Every structure is written in C-alpha cells, then in structure tokens.
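The values are calculated or read from the model by the stated rules, or taken from the named source; none is laboratory data. Values in this document were obtained by computation on a predicted structure and should not be read as measured data. Here the Cβ is made from the backbone with ideal geometry for all residues, glycine too, and neighbour counts use every protein chain on show. Protein only, heavy atoms only, side chains kept; ligands, DNA and RNA dropped before computing areas. Shrake-Rupley method; radii C 1.70, N 1.55, O 1.52, S 1.80 Å.
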Amino acid sequence: MRSPSNGRPPSTGGGAAAAPAPAPDDDFAFYYSFLQDAAADAPSSPLALDDPTAGVPAAAAGAMTNGRRRKPRGPDGGDGEGAGAAAAEKKGGKKRSIARILTSLVALEAEEHADRAGAAEASRRELALLESNADTRSHAMMDYYAKMEGSFDADADADAAARSKRSRLAASAATAAVVSAEDSAAASASGSSPTRAVALGGGHHQRRLWVKDRSRDWWDKCSSPDYPEEDFRRAFRMGHETFDMICEALGSAVAKEDTMLRAAIPVRQRVAVCIWRLATGEPLRLVSKRFGLGISTCHKLVLEVCAAIKTVLMPRFLQWPDESAAARFKEGFERSSGVPGVIGAMYTTHIPIIAPKISVAAYFNRRHTERNQKTSYSITLQGVVGPDGAFTDVCIGWPGSMPDDQVLEKSMLHQRAAAGMMRDSWLVGGASYPLMDWVLVPYTHPNLTWTQHAFNEKVGELRRVAVEAFARLKARWACLQKRTEVKLQDLPVVLGACCVLHNICELRGEEVDPAIRCELVDDETTPENPVRSEAAKLARDGIAHNLLHRGFAGTTFF
C-alpha cells in the first residue's frame, strides 16, 4: 500500500510479518472499511475520530502505520528518549491526517447520497410532468378530432341543404318565368304598370321577384313582314333580303339556347341590335329602349355580333383579289381612266375616339384639333377599294398622330409588296403617300406641265373612287362620325364589322340615302421622302406621256 504522505511502498524489514498491503487502486476502499471497523469496535469513544488506532486489533493498528515497521531498538533493548518522542509525535500527526481524510470522505459520501436522492426526486417529478402533459395533449387531440368530425358532418348537412334549396329555387324560378310571361301578356292587353312583383315559393315564407318590363313594340313592329321596305332600309341601311341573309349566315355563331330562368334572345333581334347601333350611333340607353333589353345586354350583343361578322363574313366579303379578280380590276380602272395596271385606290381616314388612358399623345390629332378648335383624338382606318366601291384590304387601329405614309409602311400592303405580290400592279393614292414601285401618286412639285396636270386629273378620278367609298361607309354607319363608347381594344373589331357590312351593301346594290351623306374631312400630310424609287418616277412620266398622246387627258386643268 502506498503511504498517503510520501507515496513510497511500505518497508518489508525483518521481524513479524506486516499486514498485507492493499493494492494501490484500493486505498480508498481500505480506509473506508477501516473507519467502519473502528466505529464498530468503539462506538462510545469520543476519540474515535482523533485516534484511529484506539480499540482496533494490533494487525489493524500496524496497518494504520502505513505498513512501516518500528525502528529497531538499541542494544539494551530500549529506545532513546529523544528519538522516541519524535517518533510518537510523527505517528500522532499521521493518525490525525488519516482521520481528517476519512471524515471528508464520509461527508462527500453523504453529499453524494443527498445529490442522488435529489436527482431521483427531480427525475420522478419531471416524469410525472411529462406524463401529465402527454395526457393533456392526448385529451386535446381527441377533442380536436371530435370537433373536426362534427364540423365535417355539419358541412355535409349544409351542402345537402344548399342543394335542396337550389333545386327549390330553380323550380320556383321556372314557375315565376311562366307566371311572368302570363302576366306580361295580360299587362300588355290591359295597359297595366310596367313594373310588377312575382311571388316565389309557397307557404308563409314567400319571396317576390321584381321584373321590369321593357316595351318591345318598336322591334316587334320592325320585325313584322308587313313593315314597309323603305322604313326598314332607312332604319338598318339595308333591305329585308340583305338583313335576312346576314342573320342566316350568323345564325350558328350568335345563337344561344334557352335556360330555365329565361328565354334566349332570337338571332334576328341580336343582329338588329348591332346593326341599329352601328347605323345610328345612338347611345346604348336609347338602343335599350328601342329593343326592350338592358343596357349592358345591348353592349354585349354589339360586341358579340361584330366579332361574329369579322370571323364568319370577313373571309367571304373582304379579301384581296386573286389573279382573275385583279385582271378585272385593272381592266375596269383602265377603261374609266386610261391608267394601266391599277388594282385599287387607297385612302386613309380618321375615326374620333375618347381620350385613352394610356399613350394619350400618340392618339392626339393635331390637324383636327387646329381646324376644329377642339381637342381631338383618333385612330386611323386605311383601306384599298376596288372599282365596285368595295374594300379589298383594311388596316385599322394605328394612332391618329401617325402620318399616312407611316401607316402604309406598317400595314399588310407593304409586307405583301415586299414579298413580290404587287409586281406589275399599281395602287393609286393621294399626295400623302410616297411614290414607290407599286404606289402611284400625283405630281406635287410646283410649275407642272400640261402632261403632269393631265396625269394628276386622272389620278384624282381614280382616287375619288376610294374617297366616295369611305364617304358612303361613314354615311351608312354613323357610329364612325362621333366618338364611340366602345373601348379602344374593341374598336378594331367594330370598325372591321362596319367595313364588311359596307361591302355586303355595295355588292347587293343597297343605295345610300342622300339625306345621310357626309363629307370627309381628312387633312393630307406630306411625306418626308415623296419619291422613293427612280424606276417608279420614270414609269409615272411614261404613263403621263401616254395619257396625253392617247387622248385620255382632259382639258379641265385649263
């Protein structure tokens, strides 16, 4: 056993065998067992802790000396007095050190036991708290699932009740529609008030549906076969036969099916609402009174029918001429003016609009504003007209601030010419267009010769075909003469429908009433580069020379 003071191994000198030394790792266990034995042998001794060797066996007492043997006595068998006192003092100090160590160990053990007991108690409390929380959460989850299940059941019941309610309302509405039709007939016969209440449902809880009656007398009169042809043409800018043809062509595109709540508006009435609105340009509230329909319904019908006209009728009645038609057009123009190779006359007009919310400066028309002393906004409508006065090409929607030559550059005509489809053909235009390989315009420089004056006269006659066609277009459809209520994004569809209806009227010989004719007021602009092809310049000089020498040039310029 190692000594707690110097750590050296015990002596093994001669004499009685010393107590067996414990292993170095068992020092603590040895002192602890020694203390227990000492306490058992002398429980009442107050010096038990001060004198560890009191009341213990000799072997144990020898062990307490850290296994060291006593110093050998002198030759006389005794020990010196000074040496004996020093040894006794040293021995007592070691005993007291061992006692203090053992006391500290006992205190540490007691503290460790207390700590273990406290930790165990804390663990038990924490475990109890976790179990309590788990129980609480379990009860809360069970309550939540129970509430969710009840909510699902309530939703299912509500859905079933809603379906039942809708079915009852549908049945009541059907009954109300029947009652409304009967009451309308009775009211028209007796001249009762235009507003009535229809009861829905039965029992003590009844709901009343207020239905506003609108008079349809005017439309019923116009749709009658006995309505005079002249009055019908004055109202719709076409006769009964042309109107019926349009209705038949648009029937499948605009027809609607009857519903449980109301009967669908007939096709003839839908088309009539659109054509009347385009022809008169009246506000929607007046159109609503004419046809006995709501204002929003009339606006919707106008847009739907115009879209159907553009989709169904435009491919049939407004298309670029093929080779045979182009040959006929060239022959007709040359026969009337003497200018060869002309397939169409071109003109650009402006349609007034309300100031848009975006890009206002682009749609501002400076020329109209200066002339009318009123701020004007417009969009352009460029068209090519054949010898029969019908449009063969239109370009709609470019802002009113753009000059005519820029509109032409952005149109499909320019792309068609760039692809080589306008070879050996001329489009006649005014001074607002530049001279190009396929665009023939009059001379604009001063001090013209007789030949140039004669050429300008013939070109003016050809251009007048397009001007008169646009004049008839605006005369027929008065909505083009005033600022319309149609939104800017919907306006090209409406203008395209007007052009298609104009072609139908022109091809079917529908005359324009002289009382509604209008004059075009479109200021001509001068292009930045009036001559863009030297070959076209030479060709124009050749045409002018031939006109004068072939006798086609008149003398009105004198």
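For the stretch 295-418, the pair-distance distribution built from all alpha carbon pairs, in bins 5 Å wide starting at 0, is 2, 10, 14, 15, 17, 16, 13, 8, 4, 1, 0 percent.
The length gained by stretching the chain between Arg508 and Asn447 to full extension, at 0.36 nm per residue less their Cα-Cα distance, is 17.5 nm. Per-residue 3J(HN,Hα) values for the stretch 214-219, derived from phi via the Karplus relation 6.51 cos²θ - 1.76 cosθ + 1.60 with θ = phi - 60°, read 10, 6, 10, 4, 5, 5 Hz in sequence order (x marks Gly and Pro).
Checking the Cα-Cα distances for Lys374/Lys474; Lys221/Lys474; Lys221/Lys374; Lys256/Lys410; Lys289/Lys357 against a 32 Å cut-off, the pairs over it are Lys221/Lys374; Lys256/Lys410. Each of Leu301, Gly338, Ala325 was placed along the dipole of the stretch 290-339 (beta-carbon charges, centred on the mean Cα), and the one lying farthest toward the positive end is Leu301. Taken along the Cα-to-beta-carbon direction at a fixed 7 Å, the label points for Glu524 and Asp490 span 3.8 nm. Computed over protein heavy atoms with a 1.4 Å probe, the accessible surface of the stretch 280-376 works out to 51 Å² per residue. Per-residue Karplus couplings for the stretch 516-528, computed as 6.51 cos²θ - 1.76 cosθ + 1.60 with θ equal to phi - 60°, are listed in order as 10, 5, 10, 9, 7, 10, 10, 6, 7, 10, 9, x, 5 Hz, Gly and Pro entered as x.
Under 22 Å between alpha carbons, and skipping anything fewer than 8 positions from Lys91 in its own chain: which lysines qualify? Of all the lysines, those that pass the test against Lys91 - Cα under 22 Å, at least 8 places apart if same chain - are Lys71.
The equivalent ellipsoid that matches the C-alpha gyration tensor of the stretch 391-543 spans semi-axes of 29, 19, 15 angstrom, in descending order. Seen from Arg285, the other residues with C-beta closer than 13 Å to its C-beta sum to a net charge of +2, counting Lys and Arg as +1 and Asp and Glu as -1. Using a probe of 1.4 Å on the protein chains alone, the accessible area found for Arg124 is around 140 Å².
The local environment of Val312, defined by Cβ-Cβ distances under 15 Å, has a net charge of +1 under the rule Lys, Arg +1 and Asp, Glu -1. Each label was represented as a point 7 Å from its Cα along the Cα-to-Cβ direction; for Ser104 and Asp388 these points are 12.6 nm apart. Among the GluC sites (Glu not before Pro) in the stretch 250-331, those located in a DSSP loop and surrounded by at most 11 other Cβ atoms within 10 Å of their own Cβ are Glu257. Using a probe of 1.4 Å, the accessible surface attributed to Cys298 totals some 0 Å² when neighbouring protein chains are kept in position. Put a dot 7 Å past the Cα of Arg517, heading toward its Cβ, do the same for Ser336, and the two dots end up 1.5 nm apart. Tell me which GluC sites (Glu not before Pro) from the stretch 465-515 have a DSSP coil assignment and no more than 15 other beta carbons within 10 Å of their own. Sparse-neighbourhood loop GluC sites (Glu not before Pro): Glu485, Glu511. Taking 0.36 nm per residue of sequence separation and removing the Cα-Cα distance, the Ala535/Ser132 pair yields an extension gain of 134.8 nm. Estimated at the nearest 10 Å², the accessible area of Lys410 is 110 Å² with a 1.4 Å probe.
A Förster radius of 45 Å, combined with the Cβ-Cβ distance separating Trp320 from Met260, puts the computed FRET efficiency at roughly 0.45. Here's the thing: no lysines lie within a cross-link span of Lys165, going by alpha-carbon distance under 25 Å and ignoring same-chain residues fewer than 8 apart. The Cβ shell under 14 Å around Arg328 holds other residues with a net charge of -3, Lys and Arg each +1, Asp and Glu each -1.
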